Each structure stands twice: as structure tokens, then as C-alpha cells.
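Just below is one structure, and these are the notes that go with it.
The values are calculated or read from the model by the stated rules, or taken from the named source; none is laboratory data. Treat the numbers as computed from the prediction; the structure is a model and nothing was measured. Here the Cβ positions follow ideal geometry from the backbone for every residue, glycine too, while neighbour counts run over all protein chains shown.
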Amino acid sequence: MNQTHFKQGGAAILLALLLLVSTGCSWVDGVVQSQAKRMLSQDLVFAKASTFGRSLAITQQVDVSIGSRKFSMIQQTEIDATEIRLAGLSHFGSPFFTLQYIGTHLISEKMPLLPDAFHVPVVLRDFQLSFWPLTELRAIYRAKGYDIVERDKQRILLKDGGEIITVHYQYSDKMLGKADFEHHQLGYRVVFNTVDVQRLEE
């Protein structure tokens with residue numbers, strides 16, 4: 001399958017999921033769910049909390065786009081020396097999902113109306129690819145056959161020379177302003193707008 005067809009197919013499946021999330025539908029065809037979850041979960045790797053190097057509480061407005069469809073949420077992330085805690089909330093404060101990553105153990109929950117193919121760990125992967133220290137990410141992704149480069153306020157995930165994911169930053173400090181994440185193969189885009197960063201007590 002060539003890259004164009006793969007991207008179009010991935011975007012179509014993700015668009016179906018986005019429509020289900022935005023309309024509150026609780027059922028998706030089993031085959032579509034299986035394919036979508038497999039695509040989203042491919043080569044998921046995570047960095048340990050201790051490798052972030054800071055203890056922070058981060059609040060972000062997150063906008064997801066698939067084609068002409070959009071989905072918004074508030075994302076709250078807390079990172080300390082041992083644990084990552086992440087929650088996606090509606091603008092009314094209702095939780096869409098929660099996630100804890102302790103050591104190498106990941107626990108996640110999501111609201112029952114979200115389709116099975118909505119894979120919460122992907123949210124952590126996208127956050128880490130956007131904001132984690134480059135040196136730590138390179139080490140774990142190179143072990144999977146990928147590489148990560150940075151240039152001109154961009155971070156690019158590569159495999160076999162091809163761009164898989166690109167993140168464009170508004171400022172050199174990645175925690176300021178917006179970070180525009182695009183998954184070229186699956187055809188979705190996430191814009192992180194950081195609205196508050198607080199240091200956590202050790």
C-alpha cells in the first residue's frame with residue numbers, strides 16, 4: 001500500500017472515531033474498531049517520568065482535527081520524578097479519560113461512551129513526542145528503528161528517511177504558546193495551546 005492510500009485510509013477511520021466521540025455514540029463496527037486501534041497503537045513507546053527532569057503541572061487547550069472535523073478538550077498533565085498523570089476534560093469539566101504512567105506501568109480509563117478504538121495511551125505518546133527532552137526520546141525511538149531531529153522550531157519523527165510526525169512550535173521554549181502536532185501517515189493534527197505551567201513541590 002503506498003503512503004497516500006495509507007494516509008487516506010487512516011484519516012477515514014480516525015474521522016469515523018471523531019464523529020462518534022463528538023456525537024456520543026457508544027457503538028462502532030468491530031472491524032473498524034480493530035483496525036483503528038491497531039493503527040493508532042503501532043510502535044507506541046513511552047519515556048519514564050524521571051527522564052523529564054522537572055516536576056510540573058501543565059494545563060493545555062487541545063484541538064484535534066481530522067479533515068474538516070474538530071474536537072476540543074482541556075488536557076491536564078502532572079509530571080514528577082516517579083509518575084505521569086494525564087486527564088482529558090470537556091470544557092464543562094467532565095472527564096473524557098484519565099491516565100497514570102508509573103515506572104513502566106500504565107493505567108488508563110475512559111468514559112463508557114468513547115469507542116473501544118479510542119486508545120488513551122496515544123494521547124501520552126503525542127504529548128511526549130511534543131514536549132519531552134530530545135535526548136531521552138531519541139534513545140527509546142532509535143531502539144524501535146526511528147529517529148528524531150530538531151530544526152527551526154520543529155521536531156520531526158523519521159523512519160527510513162520519511163517523515164512520520166512533525167511538530168511545529170510557536171516559540172523556542174516548547175512550553176510557551178502553541179505546538180502544532182501532525183501525524184502524516186494517519187492524517188490527524190493536534191494543536192496544544194499551553195495556558196498554564198506550575199512547578200510541583202518535590
Close pairs (7 angstrom Cβ cut-off, 6 or more residues apart or separate chains): within 19 Å of residue 174 (Cα to Cα) and modelled with pLDDT of 95 or more in the range 139-159, among the charged types (D, E, K, R) and not in a loop (DSSP other than H, G, I, E, B) anywhere: 148/138; 148/155; 156/163
Candidates 92, 71, 46, filtered to the one that is more than 25 Å from residue 184 (Cβ to Cβ) and either modelled with pLDDT of 55 or more or polar (S, T, N, Q) (or both): 92
Given (1) at pLDDT 95 or above; (2) surrounded by fewer than 18 Cβ atoms within 10 Å (Cβ to Cβ); (3) at negative phi, index of the condition residue 174 fails: (2)
Enumerated strands (runs of 3 or more DSSP E) restricted to the range 53-100, each holding at least 2 residues that are of a type in the set (Gly, Ala, Ser): 56-66, 83-89
Scope the range 97-138; condition of a type outside the set (S, T, N, Q) and without any contact (Cβ under 8 Å) to a residue 40 or more places away in the chain; matching residues: 97, 99, 105, 107, 109, 110, 111, 120, 134, 138
Residue in the range 192-200 that is surrounded by 18 or more Cβ atoms within 10 Å (Cβ to Cβ), within 14 Å of the chain's Cα centre (by Cα) and of a type in the set (Val, Ile, Thr) present: no
Only one of 80, 29 that is surrounded by fewer than 18 Cβ atoms within 10 Å (Cβ to Cβ) and either at pLDDT 95 or above or touching an Asp or Glu at 6+ places or on another chain (Cβ under 9 Å) (or both): 80
Looking only at the range 179-193, and only at residues there that are touching a His at 6+ places or on another chain (Cβ under 9 Å) and over 20 Å from residue 52 (Cβ atoms), the one that is modelled with the lowest pLDDT: 189
Those residues of the range 64-89 which are touching a residue at least 60 places away in the same chain (Cβ under 8 Å) and small (Gly, Ala, Ser), in sequence order: 65, 67, 81
